[in-house]
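Readers should treat all values here as calculations from the given coordinates under stated rules, not as data from a laboratory. Since the structure is predicted, the reported quantities are computational estimates derived from the model, not experimental observations. Backbone-built Cβ (ideal geometry, glycine too); neighbour counts: all protein chains shown.
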Amino acid sequence: MRSNNIGNDKKRQVKVLCSGDVNGNFKQLIARIALVNQKAGPFDILFCVGEFFGPDNDENKKVINGEIDFPVPTYILGPCCPSTSTYYPAESVEFSQSLTYLGKKGTLMTAN
């Protein structure tokens, strides 16, 4: 966790969640985030560092089209498998208000 100055020199901890492979299990991930948020949250951000998309094309398209909402701002890195690389654009993109692909550079600038 990193401390940030937020007005009047008050420091605030940024609570970060990290996930490995999701493999297209988006509903399971959302349920897990809700549970962890309830027990130890709220969390500010989630980084998914493993394989995010899975074999279900319909579910993947729902995510890409912003039809699935994540309860915490979620950031994904690039593909791990050639079979899912088609879901990742060449550059970073915001799939929805709650899901962002960081692109090949994998960099993120936040307000915090």
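For region 22-81, the set of GluC sites (Glu not before Pro) satisfying both a DSSP loop assignment and a count of at most 16 other C-beta atoms within 10 Å is given as E67. Each listed q (0.12, 0.18, 0.26 Å⁻¹) maps to a log10 I(q)/I(0) for region 13-101, found by the Debye formula over equal Cα scatterers with no solvent: -0.33, -0.74, -1.52.
Just to be sure I follow the rule: in region 12-112, considering lysines 8 or more places apart or on different chains, how many pairs have Cα atoms under 22 Å apart?
On the way: K15/K27; K15/K39; K27/K39; K27/K61; K27/K62; K61/K104.
The number of close lysine pairs in region 12-112 is 6.
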